[in-house]
Amino acid sequence: MRDYVICIDASVDIEQRWIDENNVVIIPMKYTLGDQEYLMENRLTDQKLKGFYDAMRAGLMTHTSQITPYFYQQVFGKEAEKGHDILYISLSSGLSNTYSSALTAAGEIEDEYEGIKIEVVDSLAGTGGMGLLLMMAIRAKQNGVSLTDNAAALRKNAGKVCHWFLVDDLKYLRRGGRISAATAVAGTVLNIKPILKIKDDGTLISIAKKRGLAKAASFLTECYGGALDASISNDVVIAHADCEKEAEAARDRILAINPDAQVMICGLGPVIGAHTGPGMMAVIHWGNRNFV
């Protein structure tokens, strides 16, 4: 079996050791803070993430840009030159065009390098959901699973990753066009925290509204308890946009529900955080994403 490398978008949220210890190739992504553009080639440190969210709180505007097929060709081509096949896990096609761009680039590289195989997997996920799929892919590769079989397993299980998350400040959803200005104003006045999830097609949907951060955060872990399928894995990722105390409290509630849970707390990267704002928190795990 020919060796293959695992690639993933820089928007993944996972402990850096998983990337470093398993030679995971990161596809860089761009984001803008104020008038400065940055190329995110790896996870930001906790200190840099705090600075990013503090800048958002201070009013600096943020946005992100798509990865072009040419950019993918550059990254895939470097691995192909080494004789490596590639397993690439993309940000959900329901949230970004990266999946489509990667497919285009993969076809070009396979035509250019005879015998090279590239499997492009739509994660139907984001942030820590991509992290759970990456962990699954790494463990499978370590156990000798082939490129084709690894990709097939990821596609089979992608719909079993649950994302339950809250947004603290509605103005960021308003800027992204996901809610109206009137809804944002009313929600802010009433201290409403929307709860969202990622659907089967990889797009976002609002599933509940809770008054106050405490009730919203508690609802996330209630969803965890109802949707959990420990037969798949006990891995849990709590991604947060500079609200570590709330993330730690959520971890404790999760462990009370499932003492075997393996909980990883990660700062939310700027690629997703640019659209959700500071104070966002997500509980991400394996189970029934249609529980709610």
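A few comments on the model shown:
- Pair list, Cβ < 9 Å and 6+ apart or interchain, from segment 1-20 residues that are closer than 24 Å to residue 99 by Cβ and part of a helix (DSSP H, G or I) to residues that are at pLDDT 95 or above and of a type in the set (Gly, Ala, Ser): 18/131
- Single match in 155, 175, 211 (criterion: within 19 Å of the chain's Cα centre (by Cα) and either modelled with pLDDT under 90 or open to solvent by 20 Å² or more (accessible area, probe 1.4 Å) (or both)): 155
- Breaking point among (1) farther than 18 Å from residue 253 by Cα; (2) of a type in the set (Gly, Ala, Ser); (3) part of a loop (DSSP other than H, G, I, E, B), for residue 230: (1)
- Test: residue 57 is touching a helix residue (DSSP H, G or I) at 6+ places or on another chain (Cβ under 6 Å), open to solvent by 20 Å² or more (accessible area, probe 1.4 Å) and either farther than 27 Å from residue 100 by Cα or modelled with pLDDT under 90 (or both): no
- If you go through segment 1-29 and pick out every residue that is surrounded by 17 or more Cβ atoms within 10 Å (Cβ to Cβ), modelled with pLDDT under 95 and not aliphatic (A, V, I, L, M), you end up with 2.
- Residue count for segment 51-96, restricted to those that are over 23 Å from residue 136 (Cα atoms) and in a loop (DSSP other than H, G, I, E, B): 9
- Looking only at residues of segment 221-276 that are touching a residue at least 12 places away in the same chain (Cβ under 8 Å) and among the acidic types (Asp, Glu), we find that the one that is surrounded by the fewest Cβ atoms within 10 Å (Cβ to Cβ) is 260.
- Residue within segment 77-97 that is under 26 Å from residue 161 (Cα atoms) and without any contact (Cβ under 8 Å) to a residue 24 or more places away in the chain present: no
- Condition check for residue 39 on (1) in contact (Cβ under 8 Å) with a residue 60 or more places away in the chain; (2) of a type in the set (A, V, I, L, M, F, W, C); (3) open to solvent by 30 Å² or more (accessible area, probe 1.4 Å): one failure, at (1).
- Within segment 97-114, one or more residues are in a loop (DSSP other than H, G, I, E, B), closer than 20 Å to residue 26 by Cβ and modelled with pLDDT under 95.
- Residue 48 falls short on exactly one of the conditions (1) within 20 Å of residue 265 (Cβ to Cβ); (2) in a strand (DSSP E or B); (3) of a type in the set (D, E, K, R), and that condition is (2).
- The set of residues in segment 200-227 that are closer than 28 Å to residue 260 by Cβ and either in a loop (DSSP other than H, G, I, E, B) or among the basic types (Lys, Arg) (or both) comprises 200, 210, 215.
- For the residues 249, 186, the requirement of being outside any loop (DSSP other than H, G, I, E, B), at pLDDT 95 or above and over 20 Å from the mean Cα position of the chain (by Cα) singles out 249.
- For the condition in contact (Cβ under 8 Å) with a residue 60 or more places away in the chain, in contact with a helix residue (DSSP H, G or I) (Cβ under 6 Å, 6 or more places away or on another chain), closer than 29 Å to residue 229 by Cβ and open to solvent by less than 10 Å² (accessible area, probe 1.4 Å), residue 166 qualifies.
The values are calculated or read from the model by the stated rules, or taken from the named source; none is laboratory data. Everything numeric here is computed off the predicted structure, so don't read it as measured data. Quick reminder, even Gly has a Cβ in these numbers, built from the backbone with ideal geometry, and neighbours come from all protein chains shown. In case anyone asks, the SASA skips ligands and DNA or RNA and just uses the protein heavy atoms, side chains included. Shrake-Rupley method; radii C 1.70, N 1.55, O 1.52, S 1.80 Å.
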